[in-house]
């Protein structure tokens, strides 16, 4: 049986499967449009941040990302600015270090995720 729940405040509400099937293609097209415009460097930075943020004890700065990816620090900072400006993936309070990279965050939330590797992080 297929079951879909939608989180609304502190409740989980069932969504009829037929409604989901009708909405899914439009949402997928919207996501393809938004994500398809990322260049290779933008994708590399985003994937790195999402993959490595769970292992960090705190926010991740552009210098760390640049060093790990062998990229120019200014270029990484520019990419982070663009990703955040477009509200696609990153949130950086103060405009420097990433605290949130969908779907993970180093800021405590009600949602906690544990990986099979033992790493644990909060979910956005």
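Observations
- Within region 73-85, at least one residue is in contact with a helix residue (DSSP H, G or I) (Cβ under 8 Å, 6 or more places away or on another chain), touching a residue at least 40 places away in the same chain (Cβ under 8 Å) and surrounded by 11 or more Cβ atoms within 10 Å (Cβ to Cβ).
- Residue among 107, 98 that alone is buried (at least 18 other Cβ atoms within 10 Å of the Cβ) and within 30 Å of residue 11 (Cα to Cα): 98
- Check on residue 22, under 30 Å from residue 118 (Cα atoms), out of contact with any strand residue (DSSP E or B) (no Cβ under 9 Å at 6 or more places or on another chain) and assigned to a helix (DSSP H, G or I): no
- Tally of residues being in a helix (DSSP H, G or I), within 16 Å of the chain's Cα centre (by Cα) and closer than 14 Å to residue 46 by Cβ across region 63-115: 8
- For first residues located in region 103-124 and on the phi < 0 side of the Ramachandran plot and in contact (Cβ under 8 Å) with a residue 60 or more places away in the chain, partners that are assigned to a loop (DSSP other than H, G, I, E, B) and surrounded by 13 or more Cβ atoms within 10 Å (Cβ to Cβ) and lie 6+ apart or on another chain with Cβ distances below 8 Å form the pairs 121/106.
Bear in mind these aren't lab numbers, they're just calculated from the coordinates by the rules spelled out. Because the structure is a prediction, the values reported are computed rather than measured. A quick note on method: Cβ atoms are made from the backbone with ideal geometry, for glycine too, and the neighbour counts reach across all protein chains shown.
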